[in-house]
1. Which of Leu751, Thr94, Gly617 sits closest to the plus end of the dipole of the chain, meaning its Cα is farthest towards the positive end, when Lys and Arg get +1 and Asp and Glu get -1 on the C-beta?
2. Please tell me which of these pairs span more than 28 angstrom C-alpha to C-alpha: Lys282/Lys631; Lys60/Lys122; Lys72/Lys122; Lys259/Lys350; Lys734/Lys825; Lys123/Lys251?
3. With labels modelled as points extended 7 Å from the Cα through the Cβ direction, what inter-label distance (nm, one decimal) is found for Asp431 paired with Gln782?
4. Using helices alone, what [θ] at 222 nm do you get for the chain, with -39,500 (n - 2.57) per DSSP H run of 4 or more residues, divided over all residues and rounded to the nearest 500?
5. With a 10 Å radius around each residue's Cβ, average the other Cβ atoms per peptide and rank 660-666, 562-568, 485-491, 318-324, highest first.
6. Taking only the alpha carbons of the range 333-429, what extent do you get along each of the three principal axes, in Å, biggest first?
7. Which semi-axis lengths, in whole Å and largest first, follow from the square roots of five times the eigenvalues of the Cα gyration tensor of the range 235-383?
8. Using only the alpha carbons of the chain, determine the length spanned along each of the three principal axes and report them from longest to shortest in whole angstroms.
Amino acid sequence: MQKRKYYLLLLLSLNLCLPGLAQKKDKKDKKKEETTTPAKPAAAAASKGPKPYKEVITNKAKSDSGLFVVHKVEDSYFYEIPDSLFNREMLLVTRIAKTADNIGYGGEEINTSVVRWELKDKKVLLRVVSYRNVASEELPIYQAVKNSNFEPIVASFDVKAVKTDSTNTVIEVNDLFITDVKMLGLEQRRRTQYKVTALDSKRTFLDTIRSYPLNVEARNILTYNASEPPSTSETGSISLEMNHSLILLPKKPMMPRIKDTRVGYFSIRQNDYGLDEQKADKREYIVRWRLEPKDKAAFERGELVEPVKPIVYYIDPATPEKWRPYIKQGVEDWQAAFEKAGFKNAIICKYPPTPEEDPEFSPEDIRYSVVRYFASDIQNAYGPNVHDPRSGEILDSDIGWYHNVMNLIRNWFFVQTAAINPDARSPKFKDEVMGRLIRFVSSHEVGHTLGLPHNMGSSAAYPVDSLRSASFTTANNVSPSIMDYARFNYVAQPEDAGVSLMPNVGTYDKYAIAWGYRPILSATKPEDEKETLDSWIMAHSGDPVYRYGRQTANPVDPRSQTEDLGDDAMKSSAYGIENLKRIVPNLMTWTTAKGKDYADLEELYGQVLGQWNRYMGHVASNVGGIYETYKTFDEEGAVYTHVEKEKQERAVDFITQQAFKTPTWMIDTDLLSRFEGVGMIERIRGAQERVLNNLLDPGRMARLIENQTLNGPKAYTMLDLMGDLRTGIWTELKGGQVADTYRRNLQRAYLERMEFLMTKEPATVPAGARAFVNYVPVRVGQSDIRAVVRGELMQLQTEIKKAIPTTKDTLMKYHLQDALVRVEKILDPKE
């Protein structure tokens, strides 16, 4: 205790002496100390308030005028925001600009938000504005809705300076792009998937910021530490180049048009509390460009008129010159559709201006919609749009065109038409042939940028045999819509001279554009248009040419599928397979090129098998299929009806004959020996297993159960399916035949699938995917599925036991003995 007091007194005395010691310092040393004292941190200086403008934006600044004046001073970027733009709503769009393997693609949209800049004391706030819940400002409920949509603050900035002659406010924005702001970076799904731990600030930096009259474009490099990156795993990290577009929204939003499920359009959704309903009603508006007639009087008289502002696309200067006319034509093919909406010269495509013509031209300037050309081996093209979430107005669209999309369309055109089309019988097409294919893809992608989604129900409008008619296909194309994945006419046979082989902007497309874009000048609010819009739909009620069929990952409606043609999948697929059988023997001849290896032969042979697999999928969708035909109370009949029993029976028989009987036409040993030493058996096994598992999908089986419950003897039942499969796959049991290698593999695949159905529950689909996937939760263990599977296995067990004593072939006997043991283990796992 005494020692502790002593130490306290000693410390106190030392503290009292310190000032005296400091006074003994030499004045020269004191002066030196003052001059070498570190400057105060920037944050401390900032707390004192804004500095004079010229101290922040020095003569070293590189400035770029536009929506904001963007200044770069050494490594710092500053936004100079005019007072007039505070509280104006803007769209902040974040996209991947450049990416590593298996992390999306360049141009992929990551996040879109409405934001506004707010000046609050000596701070500038960036806030997110929600349009999920809305009400008219004129209604009393508007304030309640506003109070329920408090705007989150994304970032806060100190005011660095104020320009006195204009009252513009200057902020430094580096931190917005070099810190982990979630809405500007990798989305949570991928963070979880790749086990991202943190943003690495040492490998993250702001690259460029450019300002244009209506937008500001910022690019940054983000590097994340990740324990399971999808590529270059040895780095333990992910690096991406991101592009952030800040776009000024119109002061007055366009009057929106109410969506109708009977016509396909991308849409925005809002909870509108201002409607005269006894609930918060959901309201959807279509996404479209703002087209207004220049001469309203002439428009009212029924004359074609020019729009006040046409839709204009530019070709990217990076596009090879020989392909430019075809891309341009693909854009302008939509002119005929806009004429149905009452406009002429509504959509135009221009070649890029030279630097002399327009030194300021940039594809990133939102005033220019550009078909962007990427030197990439990605086999794709895409047609996005940037739209106002308040009204659905499209503001800009840059179509992404990857160089290697040409390989994709070459493969499609070859495998679907080479049997009847000499122009497709080569690994490299003539320029005019490839150009026509490019025009087709261009038209399709432009359709997306106009607001049209895929219409997978369109191609089912035509009778299959009509697709073999030259006069019909010349007048009507291969499909009523280029927005379907109809591709090319695989139905046409060699004797069908003059038949058309590819889609174009069709009847449905013209109808959809007219429905979405034709002005109704008398309307002052969206509800005023409803009666007229309904009448346009009802004028074509019941006509399959005008039907819209939504895209789903696992199609339930066999009329709404990708890559299919015609109103009968069994018939069209049979024609398609006949053409594949013609292609395979000629593959060597049609892919020969002096001095080249067999890479093209292997790739195109793979395309043949892939096309065959599509045909099996088209047919399988009829089993347990349900037609979906959107209707309102004005139309008679059900929206959902089950596929006819006879059609489902034909589908299962088709698959039994074309897939489960070994497709020997695929097995060309002379051809296969050119590019693989082993693998054909596994190739056939995998193809057959995919078809079988698709048929024995728990969701499909549940629909068969429901069909039987609702429709009784009119239904094709799960018992029918299981019986047809057992007899079709195990034919050898009753005939005393010997199953070959391929059939034995198929029979084992059947047993493995039955075991899966007896022991597993199907994985659930994430909630976000349910709008895209036809998803109904199936509890296999509580449904009839497991009982029927058990009954089928017991029946098979009996048949195998009978067959074993009569089997003379040793390998076949071993196979059946093994199969019997497998069945018994499935039925009684303890054994």
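Laboratory data are not the source of any read-out in this text; all were calculated from the coordinates shown. What you are looking at is a predicted structure, and each value in this text was computed from that prediction instead of being measured. As a convention, Cβ positions derive from the backbone with ideal geometry for all residues, glycine included, and neighbour counts pool all protein chains shown.
1. Looking along the dipole axis, the top candidate is Thr94.
2. Working: Lys282/Lys631 18 Å; Lys60/Lys122 25 Å; Lys72/Lys122 22 Å; Lys259/Lys350 31 Å; Lys734/Lys825 23 Å; Lys123/Lys251 24 Å.
Those over the limit are Lys259/Lys350.
3. Placing both labels 7 Å beyond Cα along the Cβ direction yields 6.6 nm.
4. Only helices count here, giving -11000 deg cm²/dmol.
5. Values: 660-666: 16.7, 562-568: 23.4, 485-491: 25.6, 318-324: 14.4.
In decreasing order of mean packing, 660-666, 562-568, 485-491, 318-324 become 485-491, 562-568, 660-666, 318-324.
6. 48, 36, 29
7. Numbers: eigenvalues 208, 138, 51 Å².
In descending order the semi-axes read 32, 26, 16 Å.
8. Taking the Cα atoms of the chain, the three principal extents are 116, 95, 71 Å.
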